[in-house]
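Below: one structure, written as structure tokens.
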Amino acid sequence: MNSLMLEFFVGNFQLYSMMKLFQQVTDGALLHPEGIYRELAPDYEDYVYNPKYLLFTITHELEISLKLYELINTLTMCKNSYNCPIRASSQLCHIGTSSYVEYFEVIQDGTDDILLSCHNHTVMIDPQTRRPKAIPNGSELAKRITNTKSSKRVQPMAPPTGAFCNIVKVQYTDTDTNSHANQASYVTFCINTLFGAVKQGYFTKDKLYNGNIRKVTMLYTGESLIDDQLLVKTWQDRAEDSKVYFALEKKGNIIVHCSFDYYPKTKQPSQL
């Protein structure tokens, strides 16, 4: 992907921008006229109006460096006069029968410091049955994978009794070309629920307010559509109060598991 500027992340909701950036990088790779991405998902240009398959995310594992927060704070204090180009890229690191794993990086130009990294597990879906569909020539494409960066399996967490709860309704603006809620929208639901819990005193520790998110994991086990009502539950880890979990339920079934792992407390308030 071509270089972009750090201003992309400036604002009150940086985590949402990070999730959207990875989607843009994937779209660019899938639309590239040549390469393994093109063979993995042919006819991607017809995805919106005449899809032969759908691509559903299964898991995200996003890691955010302290350097990124430092750069954002510098840019904010300099009132956008600070020039800091960055670049984003993606590589395939595994291709299975009906799914594949990508590794993303956002790097600062000039230093090659990794500001963001993410493993993204995606499954190919039949648009009619909305069930997994075999990747054409998947076994042959898998032999060409050279990236060995591996990811850990995201584990679901059952919400405890007494978890803080928030009800949200999926709106049209929360959805994407798959006609279901986009993964970045689920981050919105989690963030709003988290700070609702903080405001109401459910979380007694102040690390959430004064720390920056180090790692985000998401596991998708279902989908939600326009007008669906979701029950969002959040709670802190019993051993590590800087780790927060979320469970998003639809009609009593958990469709999304999420966790935020914060850096230790700092003087700067979190902007995520």
### Task
Could you list, in sequence order, all residues of the range 89-131 that are in contact with a Ser or Thr (Cβ under 6 Å, 6 or more places away or on another chain) and without any contact (Cβ under 8 Å) to a residue 24 or more places away in the chain?
Glu105
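Condition first: among the hydrophobic types (A, V, I, L, M, F, W, C) and either within 18 Å of the chain's Cα centre (by Cα) or modelled with pLDDT of 90 or more (or both). Now tell me which residues in the range 181-196 satisfy that. Walk me through how you get there before you give the answer.
Start the filter on the range 181-196 by keeping residues that are among the hydrophobic types (A, V, I, L, M, F, W, C), which leaves 181, 184, 187, 189-191, 194-195.
Result: Ala181, Ala184, Val187, Phe189, Cys190, Ile191, Leu194.
Could you run through the range 37-52 and say how many residues are assigned to a helix (DSSP H, G or I) and surrounded by fewer than 18 Cβ atoms within 10 Å (Cβ to Cβ)? Walk me through how you get there before you give the answer.
Keep residues of the range 37-52 that are assigned to a helix (DSSP H, G or I), which gives 37-40, 44-46.
Subset that is surrounded by fewer than 18 Cβ atoms within 10 Å (Cβ to Cβ): 38-39, 45-46.
Of the residues in that region, 4 qualify.
If only one of Leu219, Leu225, Leu231 is touching a His at 6+ places or on another chain (Cβ under 6 Å), surrounded by fewer than 20 Cβ atoms within 10 Å (Cβ to Cβ) and modelled with pLDDT of 85 or more, which one is it? Working first, answer last.
Numbers: Leu219 fails: surrounded by fewer than 20 Cβ atoms within 10 Å (Cβ to Cβ); Leu231 fails: touching a His at 6+ places or on another chain (Cβ under 6 Å).
From the options Leu219, Leu225, Leu231, the qualifying one is Leu225.
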### Task
Return the pairs, sorted by first residue and then second, in which the second residue is of a type in the set (S, T, N, Q) and assigned to a strand (DSSP E or B), the first residue lies in the range 160-185 and is over 16 Å from Gly252 (Cβ atoms), the beta carbons are less than 7 Å apart, and the residues are 6+ apart or on different chains.
Phe164/Thr234; Lys169/Gln229; Ala181/Thr175; Asn182/Thr175; Gln183/Thr57
### Task
Hey, could you check the range 144-180 for residues that are touching an Asp or Glu at 6+ places or on another chain (Cβ under 7 Å) and under 20 Å from Ile125 (Cβ atoms) and say which is modelled with the lowest pLDDT?
Val154
### Summary
All conditions in (1) touching a Ser or Thr at 6+ places or on another chain (Cβ under 8 Å); (2) open to solvent by 10 Å² or more (accessible area, probe 1.4 Å) are true of Ser179 except (1)
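The values are calculated or read from the model by the stated rules, or taken from the named source; none is laboratory data. Given the structure is predicted, the values throughout are model-derived calculations rather than measurements. We place every Cβ from the backbone using ideal geometry, glycine too, and count neighbours over all the protein chains shown. Accessible surface areas use protein heavy atoms only, side chains included; no ligands, DNA or RNA. Shrake-Rupley method; radii C 1.70, N 1.55, O 1.52, S 1.80 Å.
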